[in-house]
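Report on one structure; see the data block that follows.
Rule-based calculations on the coordinates, nothing more; no lab input. Note that the structure is predicted; figures quoted are calculated from it, not measured. Here Cβ is always computed from backbone atoms with ideal geometry, including for glycine, and neighbour counts include all displayed protein chains.
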Amino acid sequence: MLRRERRSVVAVEAVGPYALVRVSRGSLDPGVPGQFFMLEAPGRVLPRPFSLCLAPRGELAFLVDPIGPGTRAIAAVDAGDRLNVLGPLGNGFRLDVRRPVIVGGGIGIAPLPYLSEALEQPPAVLGFRSEHHAEAAALVPNAEIVIDPVLVTDVLPPDRDVLACGPEPMLAAIRRLAPSAQLAWEAPMACGYGACYGCVVEIDGALKRLCVEGPVLACS
Amino acid sequence: MLLNASGCLDALIVPAVARQLDAYVTKTVTPEPRDGNPPVRIAETDHGMLNAIGLANPGRERFLAVTLPALRALGVPLWVSVGGISARDYATTCARLRDVTIELNLSCPNVDEAPEGAAEIVAACRAATDLPLYAKLSPSTWDVAATARSVEAAGADGLSLVNTMRGLALDRHLRPMLARATGGYSGPALRPIALAAVHACRRVTDLPIVGMGGVETGRDALELIACGATHIALGTVLFGDPDAPARVRAELADAASAAGYEEPDDAFSVAVGGAAERVVERANSASS
């Protein structure tokens, strides 16, 4: 059942180059870590997908990287503005893991603060392209931080249940090291609920609609 | 009557949205299964969006065996969008369908193969089925009204106006945003184009017309009705607002009264001129 509500922006906080957009929760369910919401992008034709970053009491918080017209419009909202929010959508991470390590790269850390909370703050490995971007690591407890050219795969501990989100080359490298990892993928989406067929990603030769089969996909 | 535009809603995933509609239009069915185009498939522009999905669908046999029965169970009247390359492709699918309205997709901009002529396809399908046949036409033509007349003469029962138009967008590095480079352009930017196409066709035919292209509000729907649409379909707006069918329906009644009409239907064709004028135009075009 789709749930879409017009919610008030509570606050927008700078986190390194990113914006943490906090909206009132209303009767929206925060869902499980790795699930996502479609946020209205003011003045744009299409909403944008964001995994839930944090679920403070009475709020939903999303980490936004203002890199295009839609994300810039969302990052520029002010407290008191109202945004349509649809979700939670898609499939999140399975939390029945024994020895978790959570791994993120760049804006891919977005779902990890909420995931870390759900897994009681397991070790994390986070990679960023600069010190400025790495300021966002403050959102994830127990994190080892690496800055480019060091890669998360250089320091990934062995024999762990890996839960990861980040750019495609990072996810592909993690798959090679940890074939059973749970990986959260990203793709442009128009709708987020299976209508547009826009968000397919090619995995093992098959095209998967990320919004209904993902965004978290377990490797086979 | 309020519909979705083909390919803009998966009723099996969100039945509650489909049930807001008077009828559900399926994604286009082709004879063989199609994976569709590789990603990236969609891109937003300032006033619309591009899609290059490429008619991803399970193919005729699986559609008939699995998808169609599941859709029937939803209890919403069905329109099946039929695609293909040859007139025979279309006609073979039409012959296998029962208890649905058929929309012939004569105008997908995202496949490499151009279908045979619209009138030939409609004629072949007319010979293959007694079901209602709607011809979905592209606005990317010099004279859409001429195409409308030709498909009417070939036996179409209605028109669906309009499909997307081919467009292209570049990223900041000046590379095409879509893997296929071009895609079908939809959304608000298409609205005046849809109005012009419906208006042009209403001047030459009395067939029912499904008006679509950038409808976001009740007022947008009312304008299509004023240009001669008998039905309205919602496309791109559904992506951002799954509640759009119920909202647009409610807004349509308000928009009609704000424009001085008791019912939306009272505004039918008012932008086109009187019936007598249309008859004269048709006589002139028939003799030219």
Relative contact order [Cα under 8 Å, 6+ residues apart], region A:100-218, whole percent
22 percent
Taking neighbour Cβ counts within 10 Å as the exposure measure, how do B:Trp79, B:Trp142, A:Trp185 sort from fewest upward?
B:Trp142, A:Trp185, B:Trp79
Relative contact order of chain B, please, whole-number percent, based on alpha carbon pairs below 8 angstrom and at least 6 residues apart.
17 percent
Please find, in a Gaussian network model of chain A (springs between Cα atoms separated by less than 10 Å), the residue of A:Gly194, A:Gly108, A:Gly68 whose mean-square fluctuation is greatest.
A:Gly68
So if I take the centroid of the Cα atoms in region B:1-75 and the same for region B:159-178, what is the distance between those two points in Å?
19 Å
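Defining a contact as two alpha carbons under 8 Å apart and six or more residues distant in sequence, what relative contact order in percent does chain A show?
20 percent
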Quick one: if you take sqrt(5λ) for each eigenvalue of the C-alpha gyration tensor of region A:4-89, what semi-axes come out, biggest first, whole angstrom?
17, 14, 13
Return one number: the angle in degrees, 0 to 90 and rounded to the nearest 10, between the long axis of the Cα atoms of helix A:168-177 and the longest principal axis of the Cα atoms of chain A.
30 degrees
Please find, in a Gaussian network model of chain B (springs between Cα atoms separated by less than 10 Å), the residue of B:Arg180, B:Arg149, B:Arg72 whose mean-square fluctuation is greatest.
B:Arg72
So for R0 = 25 Å, FRET eff. of B:Ala146-B:His47 from the Cβ-Cβ r, to 0.05, ends up at 0.30
Binned at 20 Å starting from 0, the alpha-carbon pair-distance distribution of the protein assembly as shown in whole percents comes out as 22, 51, 23, 4, 0
Kirkwood hydrodynamic radius (Cα pairs, Å) of region A:44-184?
15.9 Å
Residues whose placed amide H lies under 5 Å from that of B:Val40, excluding near-sequence neighbours:
B:Ala179
At 0.36 nm per residue, minus the direct Cα-Cα distance, what do A:Leu177 and A:Arg72 gain on full extension? Give it in nm, one decimal, please.
34.3 nm
Could you please report the charge total around B:Thr147, scoring K, R as +1 and D, E as -1 over all other residues with beta-carbon less than 13 angstrom from its beta-carbon?
-1
10 Å beta-carbon shell around A:Arg160, net charge (K/R +1, D/E -1)
0
Can you compute the helix-only [θ] at 222 nm over chain B? Use -39500 (n - 2.57) per DSSP H run of at least 4 residues, normalise by all residues, nearest 500 deg cm²/dmol.
-9000 deg cm²/dmol
How long are the semi-axes of the equivalent ellipsoid of region B:2-287, defined as square roots of 5 times the Cα gyration tensor eigenvalues? Whole Å, largest first.
27, 23, 20
In 5 Å bins starting at zero, report the fraction of Cα pairs in region B:149-245 per bin as a rounded %.
3, 13, 21, 19, 16, 12, 9, 5, 2, 0
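So, counting K/R as plus one and D/E as minus one, what does the shell of residues with Cβ under 14 Å around A:His133 add up to?
Values: positive: A:Arg129; negative: A:Asp65, A:Glu131, A:Glu135, A:Asp148.
In short, -3.
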